[in-house]
Amino acid sequence: MINRGFYTLFYKETLRFYKVALQTILAPIITTLLYFLVFSHVLKDRVMVFEDLSYTSFLIPGLVMMTIIQNAFANSSSSLIQSKVTGNIIFLLLTPLSYVEFYMAFILAAMVRGLVVGIGVFLIVICFVSVPVHSYAFLFVFALLASAVLGTLGIIAGIWAEKFDQLAGFQNFIIMPLSFLSGVFYSIHSLPAFWQMVSHLNPFFYMVDGFRYGFFGVSDTSPWISLVLIALAFAGLAKFAIKLLKQGYKLRH
Amino acid sequence: MTAAILINNVKKSYGSLDALKGIDLTINRGEFFGLLGPNGAGKSTLINIIAGLANADAGSVSVLGHDVVVDYRQARQALGVVPQELVFDAFFSVREVLKIQSGYFGLGKENDVWIDELLEALALTDKASVNMRALSGGMKRRVLIAQALVHKPEVVILDEPTAGVDVELRKLLWGFVEQLNQKGHTIVLTTHYLEEAEKLCDRIAILNHGEVIALDTKASLLQSEICSKLHLIIKTAEPIEQLPDALAPSIRDKIKHLDGCQMRLELDKDKDVIVDVLAAIANAGIKVVDLETERADLEDVFIELTSKKASS
């Protein structure tokens, strides 16, 4: 039986973003569609990525993954910072919820938000462009893992940040650049050797690349390597986040 | 019988500030306990440690026998805390807030009846579906109380629950809390309104500079040396420049303050007879036009104890 305390927190975190769906679901879908519209229109005849694949089709998995990444992060981080700044986090800290339940509820709600927005983008664009699916298993695993990693990063950032601008810094100087430069708009094989090497240091690159493999069966790096790296990153970050929650770092003084 | 709250040598420092310097305190089950002290005395720090919102540097705290660190789940299940700050979640309505809080404690639909009772008792029924943002300060305060009680905790801590609250709500609140106490809930109250503590609490601890400087029943505190004093304030017809020589030395010694037409005397309520004192004053040629008496109350005990400690 699912623990009711955990389920309530998960439900509350999901309800929280659902209540402001215009901002948390619709707005990011529109933004991503605008990227899609502009980039596919401007670059479709100029950029050659994989053989037999139009740039417009190539763009879709990357944009969907970028949306998942950004929204999963936004959900857990903004919920935590808001409760901390307004002080109502006290009502969560006073409950008998365990650290693991706390962590699981936040990350699952973040995954739901990331996936809902990602699926929303995907369903709209496939009305206009045909995209093949090579492996549903890879698609699901990469979408789930990437949203879990970002949900966890959101928890860590939300715990660490004391003010909204610190969180905005985390989002704008780390999450945004790394997701933009992860090969969403290009294949890293088109980059000079040095930048290819740098791209391999970007963890988001493996999320986009593996996800793209799920669609096309083609990728810059072996999807298995990407899978292992992301799974390891997830395990490490999850352990770290649970440790912070257990210590009460910046939550219990 | 297990204590409601057992605090054992709890210490806490923030940098060079020793917020709590080794607190030992036992709060019994069913008590209405007052925790008093000036600002910065360490009351909130102590409450935060009991509630698990802060970690003690040393010592231990248990709630109904459950250590607040090791058995935190059981300890928190037994405890309800009404925080001092007016905090709220702007995303939800009053009922949603209470149902969510109830769910955190593992309670589902079976708790809906109690939620309705709480709404009723705190006069919130007609606000149940209103968003928290739209409530007045007093209403938000009531929701905080309902949130703290939603899981029917045996031990309830109220941290300054009436700060900035109007008289009507204060009456409603105390009526409700007294009822809870009568039903067997242990109540721990911190307040700045000493008359509230005097009216409600069975036992009182006074905290100052991170130490317990007094711990006794309300009756004993009020029977202390400070409370054996009675103040007699006299208004005279003419301003008094100098006390007349005819005034007996035993009366002169009792005058603690003299300012124009006003004279303040400190009497021993068990030994001095007011009529005799007044007669002695009249005999010395001072014409009294008005008088009032003031009995020492908890506030005087509080001021005496906290200022004594500060000057020592």
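The values are calculated or read from the model by the stated rules, or taken from the named source; none is laboratory data. Small disclaimer: the values here were computed from a predicted structure and weren't measured. For neighbour counting, all protein chains shown are included, and Cβ atoms are generated from backbone atoms with ideal geometry for every residue, glycine included.
Miscellaneous remarks
- Subset of region B:1-25 (residues that are surrounded by 15 or more Cβ atoms within 10 Å (Cβ to Cβ) and either under 15 Å from B:Asn181 (Cα atoms) or aliphatic (A, V, I, L, M) (or both)): B:Ala3, B:Ala4, B:Ile5, B:Leu6, B:Ile7, B:Val10, B:Ala19, B:Leu20, B:Ile23, B:Leu25
- Residues that are surrounded by fewer than 17 Cβ atoms within 10 Å (Cβ to Cβ) and part of a helix (DSSP H, G or I), drawn from region A:26-47: A:Leu26, A:Ala27, A:Ile30, A:Thr31, A:Leu34, A:Leu37, A:Val38, A:His41, A:Val42, A:Leu43
- Scanning region A:163-170 turns up no residue that is in a helix (DSSP H, G or I) and closer than 23 Å to A:Pro61 by Cβ.
- Residues in region A:87-130 that are among the hydroxyl-bearing types (Ser, Thr, Tyr) and surrounded by fewer than 20 Cβ atoms within 10 Å (Cβ to Cβ): 3 in all.
- Under the condition of being crowded, with 20+ Cβ neighbours inside 10 Å and in a strand (DSSP E or B), the residues counted in region B:26-58 number 6.
- Scope region B:76-123; condition over 27 Å from the mean Cα position of the chain (by Cα) and of a type in the set (Gly, Ala, Ser); matching residues: B:Ala90, B:Ser93, B:Ser102, B:Gly103, B:Gly106, B:Gly108
- Given (1) more than 12 Å from chain B (Cβ to nearest Cβ); (2) without any contact (Cβ under 8 Å) to a residue 40 or more places away in the chain; (3) of a type in the set (D, E, K, R), index of the condition A:Arg113 fails: (2)
- Residue check, A:Ile155 within 26 Å of A:Gln247 (Cα to Cα), modelled with pLDDT under 95 and under 17 Å from the mean Cα position of the chain (by Cα): no
- When B:Leu173 is tested against (1) in contact with a Pro (Cβ under 9 Å, 6 or more places away or on another chain); (2) in contact (Cβ under 8 Å) with a residue 60 or more places away in the chain, only condition (2) is not met.
- Evaluating B:Ala237 against the criteria (1) under 31 Å from the mean Cα position of the chain (by Cα); (2) farther than 25 Å from B:Phe302 by Cβ; (3) not hydroxyl-bearing (Ser, Thr, Tyr) leaves one unmet condition, (1).
- Screening B:Thr162 on (1) more than 22 Å from B:Ala219 (Cα to Cα); (2) more than 14 Å from chain A (Cβ to nearest Cβ); (3) outside any helix (DSSP H, G or I); (4) over 11 Å from the mean Cα position of the chain (by Cα) shows it passes everything except condition (4).
- Of all residues in region B:242-259 being surrounded by fewer than 10 Cβ atoms within 10 Å (Cβ to Cβ) and within 42 Å of the chain's Cα centre (by Cα), the one that is nearest to B:Lys271 (Cα to Cα): B:Pro249
- Breaking point among (1) touching a residue at least 60 places away in the same chain (Cβ under 8 Å); (2) more than 14 Å from every other protein chain (Cβ to nearest Cβ), for B:Ile145: (2)
- Search result, residues across region B:81-129 that are more than 14 Å from every other protein chain (Cβ to nearest Cβ) and touching a residue at least 60 places away in the same chain (Cβ under 8 Å): none
- Index of the failed condition, B:His151 passing every other in (1) away from chain A (no Cβ under 11 Å); (2) under 22 Å from A:Tyr7 (Cβ atoms): (1)
- Within region A:80-98, considering residues that are within 8 Å of chain B (Cβ to nearest Cβ), assigned to a helix (DSSP H, G or I) and not β-branched (Val, Ile, Thr), the one farthest from B:Phe88 (Cα to Cα): A:Leu93
- Whenever a residue of region B:181-193 is outside any loop (DSSP other than H, G, I, E, B), its partners that are of a type in the set (Lys, Arg), lying with C-beta atoms within less than 6 angstrom and at least six residues away or across chains, give the pairs B:Thr186/B:Arg29; B:Thr190/B:Lys43.
- Residues in region A:74-103 that are closer than 18 Å to A:Tyr18 by Cβ and either touching a residue at least 60 places away in the same chain (Cβ under 8 Å) or of a type in the set (A, V, I, L, M, F, W, C) (or both): A:Ala74, A:Asn75, A:Ser76, A:Ser77, A:Ser78, A:Ser79, A:Leu80.
- When region B:68-79 is filtered for residues that are more than 8 Å from every other protein chain (Cβ to nearest Cβ) and in contact with a helix residue (DSSP H, G or I) (Cβ under 7 Å, 6 or more places away or on another chain), only B:Val68 remains.
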